[in-house]
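See structure below.
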Amino acid sequence: MQIDYRSRLNEAQYEAATHRGSPLLVIAGAGSGKTRTIVYRLARLVEEGVPPESILLLTFTRKASFEMVSRASTLLGRGLASVPGGTFHSFAFATLRRHAAELGVNPAFTVLDKADASSLAKDARDRLELGKGDKSFPKKDTLVEVVSKSRNKELNVSDLVSREYPHLLPYCEDLEEIAHAYRNLKRNHGLFDYDDLLFELERLLLANPKVLETVRRRFNHVMVDEFQDTNLVQARLVKLIAGDHGEVAAVGDDAQSIYAFRGANVANILRFGEEFPGARVVRLERNYRSTQPILDLTNTILENAREKYDKHLYTERATSHRPRVYRTHSDASQARAVLQRVSELKREHGLDTGDIAVLFRAGFMSYLLEVELNKLGFPFVKYGGIKFTEAAHIKDALAYMRLACNPSDLAAWNRALGHVKGVGPKTVPKVIEAVLRGDADWLAKRTAKNQQLGDLLRFLDTLRRDPGRPAHALEAIAEFYLPIMRRAYPDDYPRRQQGLDELASIASGYQDCPSFLADVSLENPGEDREAPPEDALVLSTIHSAKGLQFKAVMVLDLAEERFPGKRAMHRMEDMEEERRLMYVACTRAMDHLDLFVPEAVWVRHLERNEPVRPSPFVTELPAELYDDYRETFGGGFEMARPRGMPEPPTSAPTTGGPAKGGDGGALPMGYCRHAIYGRGKIIQHIPPDKYRVNFQDFGLKVIVGRFLEPEE
Ligand code: ATP
Ligand code: MG
């Protein structure tokens, strides 16, 4: 059956789906059908006779690429499983393994996930004996963050530190040394971190023209979704693989760029035309996802951005439901309010639970809600935050398998030896060294004195002899590891045991251990494979909700220092990224959008509720864009803003008026008062005399210092 492209796509989308012969960029706002256009382009290419296995589809998760391929295959009425797709990292891994011999890569290389990379960075630091006894020395997560960012942004460590981590400047030389040692440790132990996958692939392709030619011939078409979140090396890889005559189609939205913190470079999309000469650029202007009131609100989020976005989205979806702001007493009552709203949406609007998503900036922000949902036995799925495979016991079990595949895997040795009594932090490196040197005498002496160590080494030998399929290896591992797990986690080992069973069932889908291990570090296999329960509430970090849509969306924790996060409040670039994150969150909504603003949050280390201010992203919204609800002391909500309240002024007066504070000297970063806007918090000094202030009721404004009165 022929697909009627003309009736399923609008003019601009049709042009993008059928354009051939030169690179193509679709740059357009959220919900304008970019992903839909890729799906139809894929279907059309196959209809035109392009072999599915020669179309490379790169996206931000494997799940997203599965989804696109399966949509295209439904359109065509034929299977398209052979379309190679996934993330840049999984593509790089597969290519490096496929051509390992020609590229000179040891095919048994291990991929380090984030936690492994941190532990290796710590190892590097310990070996250099840096920062001993210095409490403010950067912690392992910061170390690896600095190293990875410097690579992704392609800046040397000292440039990165002076730009983004000025408080770490005193440690700059130490950081450089650690970065160097970390690189050597990886090299000597057959370990690749995420960044290596991309950089090594690029390096090796450039050094091996034959392999490059094979790869180019294999992929006639390259398509990339969410191009705004690619970094420099990813963009170069696309160019390299496409070659001179390659057909590249990239789609993205500069306003949704939310991975700058990992080195994504929005210039990739903005300068596409320069990198790919002769590129056709298509813009989509109609939004098919959201209703007009939601679109009005999301357009306002962008209008308030410092960087202007060239977006003129319109929709034909009219409705009388405006977005809502719910102001709750605390984050605990916010959790209950979400539940109430879920039942209201189901009861009054006929939504299914699965049509509703609760989004938040960081994984921990849904804990209170999860507690409430668990109490009620309410079905939910959670995406983002800590991955299933990052749990300690899962990583333990995987460490044995990793050692069976790569005996020099340092991070895995550290884990496995960590559970052996009598092998302390000093002995661990000695054991590893002895193993790698093949010092049988030393090991024999040690194991004679330490039975647990002997058991571990014998077990690993058996496993290495014949790991078999990953599910089989995991059975043997479980037998060895269960007693260790009981000792290590006496309080909750039954739950952890369930986790191991789950891991075994995921593993049953794989033929060999290295592919299974790579997937576990690169993806979130549990999340991908398991179809979520039919009618479950979706809880997700905003990053993990990228590209998705839901009939109703609730955004949690819209309070200062939560969203935007604490660190972002002090750096304008980070603040802008948080704004784009807010834009991504709100643009997931089709029919209903609810913003939750807790007025106090539980602070764990103080063991009490602390008042918090509303997020500037809410206070800056004109009142007519939403309905405002405030929690009452009697329970429930009432409309908060009585009609007829005067409109907030739209721009700050910067001249005239009586001089208040700021006698020429800089104002302290802290709370202040303004005659019209009231109380606010100074978050940035803009020399010579202006300040960026987040006002409680009016959001972010730039004000001349003399109109501000510092508050005690
Ligand atoms: P995002 O930036 O959030 O990734 P997007 O631009 O990729 O959004 P899609 O997810 O492709 O947008 O489309 C949003 C919704 O609009 C989908 O439900 C899609 O099917 C629908 N849609 C897009 N274009 C059309 C069209 N021409 N006709 C009907 N529905 C459309
Ligand atoms: Mg999309």
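Observations on the structure shown:
- Filtering segment 253-304 to residues that are of a type in the set (Ser, Thr, Tyr) and away from ligand 1 (no atom under 16 Å from the Cβ) leaves only 300.
- Pick from segment 35-51, criterion over 11 Å from residue 223 (Cβ atoms) and of a type outside the set (Gly, Ala, Ser), ranking: nearest to ligand 1 (Cβ to nearest atom): 36
- Answer from 54, 32 - the residue that is outside the structural domain of residue 145 (by TED's automatic domain parsing) and buried (at least 23 other Cβ atoms within 10 Å of the Cβ): 32
- Residues located in segment 284-308, provided they are more than 16 Å from ligand 2 (Cβ to nearest atom), in a loop (DSSP other than H, G, I, E, B) and buried (at least 17 other Cβ atoms within 10 Å of the Cβ): 291
Yes/no per residue for (1) without any contact (Cβ under 8 Å) to a residue 12 or more places away in the chain; (2) not in a helix (DSSP H, G or I):
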position: 364; (1), (2): no, no
position: 368; (1), (2): no, no
position: 396; (1), (2): no, no
position: 413; (1), (2): no, no
position: 424; (1), (2): yes, yes
position: 435; (1), (2): no, no
position: 444; (1), (2): yes, no
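- For segment 70-84, a residue qualifies if it is under 28 Å from the mean Cα position of the chain (by Cα), within 16 Å of ligand 1 (Cβ to nearest atom), surrounded by fewer than 23 Cβ atoms within 10 Å (Cβ to Cβ) and of a type outside the set (Ser, Thr, Tyr), and exactly one does: 71.
- Residue in segment 307-315 that is more than 16 Å from ligand 1 (Cβ to nearest atom) and of a type outside the set (Gly, Ala, Ser) present: yes
- For segment 129-149, the tally of residues that are over 21 Å from residue 570 (Cα atoms) and either in contact with an Asp or Glu (Cβ under 6 Å, 6 or more places away or on another chain) or of a type in the set (Gly, Ala, Ser) (or both) stands at 4.
- Selection count where residues are in contact (Cβ under 8 Å) with a residue 40 or more places away in the chain and either assigned by TED's automatic domain parsing to the domain that holds residue 556 or of a type outside the set (Lys, Arg) (or both), scope segment 302-314: 6
- Hits in segment 340-382 (condition: of a type in the set (Val, Ile, Thr) and surrounded by 13 or more Cβ atoms within 10 Å (Cβ to Cβ)): 342, 353, 356, 358, 381
- Residue 165 meets all of the listed conditions (1) without any contact (Cβ under 8 Å) to a residue 60 or more places away in the chain; (2) aromatic (Phe, Trp, Tyr); (3) within 30 Å of residue 427 (Cα to Cα) but one, namely (3).
The values are calculated or read from the model by the stated rules, or taken from the named source; none is laboratory data. Computed from a predicted model, the values in this text were never measured in an experiment. Counting neighbours? That spans all protein chains shown, and the Cβs are built from the backbone with ideal geometry, glycine included.
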